[in-house]
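Trainee: Attaching a single structure in structure tokens format; questions to follow.
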Amino acid sequence: MPRPVRIIHARAPLRVNDIGGWTDTWFARKGRVLNLAVGPPVEVQVKAVRNERKTQGGPRILVHAENYGQSFRVDPDRPSTSLHPLIQMSIQAVSPPRELSLEIRLHSPVPAGISTGTSASVCVALLGALDFLGGGRRGPAGLAALAHRVETEKLGRQSGIQDQISAAYGGICFIDMKGYPKAEVERLRPDQAFVRELERRLCLVYLGRPHSSSDIHESVIDRLEKEKGRSAALVRLAGLAARGRRALLGGDLEAYGGIMIENNEAQRALHPRLVSERADRVIAIAKKHGASGWKVNGAGGKGGSLTVLASPDDGMRRRMVAAVLGLGGGIRHLPIWLSSAGFEAWET
């Protein structure tokens, strides 16, 4: 590739511990979610060179999806849905200047299908990088809304709004969805000593296999859609998000942990298989080692991940992590930290 004329770097955090998840959806109509943005972030690098082709159309973008070991070319005017459609449709949504050819690298720090909003983080980071390259400066609200439209309108996927908001805004987000998909976003700022203690005790556990529960989710969605926004289960979940907000602002980690457990059981009540046998094995270890809270991430189901609020005792926390690793089957602890920043981009 010729010497780049511009190099853009961008990143967006992941999302964990979504209290009130399921209520940020079209079938809920309105709801509340409290979630945490965490690192390590999804990373995107864009190298731009002058387009030397006689015509300025065609597949002028080379993409390296590093986690999959795949490289492929994209025509931003005619994207394909046959290979990494989220990436291709994101490129079309913010098509780069026609006088440029691009080489794009994308990397996720966690396994695919882990239920931490990774696809939304990829989408936000890529859209933001291309927006930066083109001279635009979309704010977090604009980036989150555009990423949501890519997933729902261009790809026809079921998607709430919380993952895109967390990736774009970062921090501890309280999302009050007044009417889908519009929401007010509040970034909570508890006392810093409290935030450091929360971060110290947070554990992300990968359940050893990608998230895969579309049949269960369709069943739950069908039931909730028929209730037309009047679901007692969704009202309960939204209420837990509001209580979680009060607990964090009040500096009460034990109350926050209890709300995590309530939310986990509220998800189980939606469908027993939304909390998997593997998740319950990790939960049993967390209980044994004095953890204050636990919750399956995202919509739940087979595979994915679990957030644990570990014991305040360092020794207990380390023994819990060791016991989780001993479960085998690919189940493991993934180090994370709270990310105060949302989407970021800069040029070198």
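Trainee: Across the stretch 1-24, what is the total count of residues that are at pLDDT 95 or above and surrounded by fewer than 24 Cβ atoms within 10 Å (Cβ to Cβ)?
Mentor: 3
Trainee: State whether the residues of the stretch 261-272 include one that is touching a strand residue (DSSP E or B) at 6+ places or on another chain (Cβ under 6 Å), modelled with pLDDT of 95 or more, surrounded by 21 or more Cβ atoms within 10 Å (Cβ to Cβ) and not assigned by TED's automatic domain parsing to the domain that holds residue 124.
Mentor: Yes, some residue in the stretch 261-272 is touching a strand residue (DSSP E or B) at 6+ places or on another chain (Cβ under 6 Å), modelled with pLDDT of 95 or more, surrounded by 21 or more Cβ atoms within 10 Å (Cβ to Cβ) and not assigned by TED's automatic domain parsing to the domain that holds residue 124.
Trainee: Could you go through the stretch 78-98 and let me know if any residue there is out of contact with any Phe, Trp or Tyr (no Cβ under 8 Å at 6 or more places or on another chain), buried (at least 23 other Cβ atoms within 10 Å of the Cβ), modelled with pLDDT of 95 or more and part of a strand (DSSP E or B).
Mentor: Taking every residue of the stretch 78-98 in turn, none turns out to be out of contact with any Phe, Trp or Tyr (no Cβ under 8 Å at 6 or more places or on another chain), buried (at least 23 other Cβ atoms within 10 Å of the Cβ), modelled with pLDDT of 95 or more and part of a strand (DSSP E or B).
Trainee: Now, a different point. With the condition kept exactly as written, say whether any residue in the stretch 310-320 is in contact with a Pro (Cβ under 6 Å, 6 or more places away or on another chain), more than 20 Å from residue 174 (Cβ to Cβ) and assigned to a loop (DSSP other than H, G, I, E, B).
Mentor: No - not one qualifying residue is present in the stretch 310-320.
Trainee: For residue 196, work out the one condition from (1) surrounded by 15 or more Cβ atoms within 10 Å (Cβ to Cβ); (2) closer than 24 Å to residue 308 by Cα it doesn't fulfil.
Mentor: (1)
Trainee: Let me ask something else about it. Would you check which residues across the stretch 214-232 are closer than 30 Å to residue 253 by Cβ and not in a helix (DSSP H, G or I) and list them?
Mentor: The one that is closer than 30 Å to residue 253 by Cβ and not in a helix (DSSP H, G or I): 231.
Trainee: Test each condition in (1) within 20 Å of the chain's Cα centre (by Cα); (2) surrounded by fewer than 21 Cβ atoms within 10 Å (Cβ to Cβ); (3) modelled with pLDDT of 95 or more; (4) within 20 Å of residue 304 (Cα to Cα) for residue 206 and report the one that comes out false.
Mentor: The single condition residue 206 does not satisfy is (2).
Trainee: Condition test on residue 129, is it free of Cβ contacts under 8 Å to residues at least 60 places away in the same chain and either surrounded by fewer than 18 Cβ atoms within 10 Å (Cβ to Cβ) or part of a helix (DSSP H, G or I) (or both)?
Mentor: no
Trainee: As an exercise: evaluate residue 72 against (1) of a type in the set (Phe, Trp, Tyr); (2) part of a loop (DSSP other than H, G, I, E, B); (3) modelled with pLDDT of 95 or more and give the number of the one condition it does not meet.
Mentor: Looking at each condition in turn, residue 72 falls short on (2).
Trainee: Sticking with this structure for a sec: If a residue must be in a helix (DSSP H, G or I) and either among the charged types (D, E, K, R) or on the phi > 0 side of the Ramachandran plot (or both), how many such residues does the stretch 234-253 contain?
Mentor: Number of matching residues: 4.
Trainee: If only one of 143, 106 is crowded, with 21+ Cβ neighbours inside 10 Å, of a type in the set (A, V, I, L, M, F, W, C) and not in a helix (DSSP H, G or I), which one is it?
Mentor: From the options 143, 106, the qualifying one is 106.
Trainee: In the set 196, 201, which member is in contact with a helix residue (DSSP H, G or I) (Cβ under 8 Å, 6 or more places away or on another chain) and closer than 24 Å to residue 286 by Cβ?
Mentor: Going through 196, 201 in turn, the sole match is 201.
Trainee: Something else now. Among the residues of the stretch 286-297, is any in a helix (DSSP H, G or I), without any contact (Cβ under 8 Å) to a residue 12 or more places away in the chain and not charged (D, E, K, R)?
Mentor: No, the stretch 286-297 contains no residue that is in a helix (DSSP H, G or I), without any contact (Cβ under 8 Å) to a residue 12 or more places away in the chain and not charged (D, E, K, R).
The values are calculated or read from the model by the stated rules, or taken from the named source; none is laboratory data. The model shown is predicted, which means the values in this text are computed figures rather than measured ones. Heads up, the Cβs are rebuilt from the backbone with ideal geometry, glycines too, and the neighbour counts pull from every protein chain shown.
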